Amino acid sequence: MENKKALRSTLIAAITSMAASLIAAPTMAELNQECLFSGQIKQRASDSPLRIRFTSVTDGENARCHAKTRGARSKVQFKATGDLQSLPEGSEVLYRYQERKDGRRSWELMSAKTPA
């Protein structure tokens, strides 16, 4: 009786695991890389473009990040949304960068926290 319960719970766990991997697989298959960039807004002058100093880069949930292997002084450029322009200097931001296998790239502001 206990062997049947153990076998049944093992089978349920295996099926659940397989189902989860099938759901996640299409998302991972279309991404070449996904990075999470965290940093701080740095504004030098009011007439200069907004600058963010990224302090860490980590892998995303759906794909590895190739940007982590670049040098410490690497630069990235992207068009920021209007919401970001209104944040004060020192605000902490978290961005998700995704690059798809077809070459499309996107930046998404995940969170922004103003200084206390």
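The values are calculated or read from the model by the stated rules, or taken from the named source; none is laboratory data. All figures in this text were calculated on a predicted structure; none of them were measured in a lab. As a convention, Cβ positions derive from the backbone with ideal geometry for all residues, glycine included, and neighbour counts pool all protein chains shown. These area figures cover heavy atoms from the full protein model, side chains too; ligands, DNA and RNA do not enter into them. Shrake-Rupley method; radii C 1.70, N 1.55, O 1.52, S 1.80 Å.
Mind checking which residues of the range 95-109 are part of a strand (DSSP E or B) and farther than 14 Å from F78 by Cα?
The answer is R100, and nothing else.
Filter the range 86-106 down to the residues that are under 13 Å from N62 (Cα atoms) and among the acidic types (D, E) and list them by number.
E99
Taking the range 70-80 only, how many residues are loosely packed, with under 10 Cβ neighbours inside 10 Å and closer than 28 Å to D47 by Cβ?
4
When you scan the range 81-109, how many residues do you find that are open to solvent by 50 Å² or more (accessible area, probe 1.4 Å) and aromatic (F, W, Y)?
Matching residues across the range 81-109 total 1.
Sort through A112, A63 and tell me the only one that's modelled with pLDDT of 75 or more, part of a strand (DSSP E or B) and open to solvent by less than 80 Å² (accessible area, probe 1.4 Å).
Of the residues listed, the single one that is modelled with pLDDT of 75 or more, part of a strand (DSSP E or B) and open to solvent by less than 80 Å² (accessible area, probe 1.4 Å) is A112.
Can you name the residue in the range 20-60 that is modelled with pLDDT under 80 and outside any helix (DSSP H, G or I) and is also most open to solvent (accessible area, probe 1.4 Å) among such residues?
Out of the qualifying residues, it is R44.
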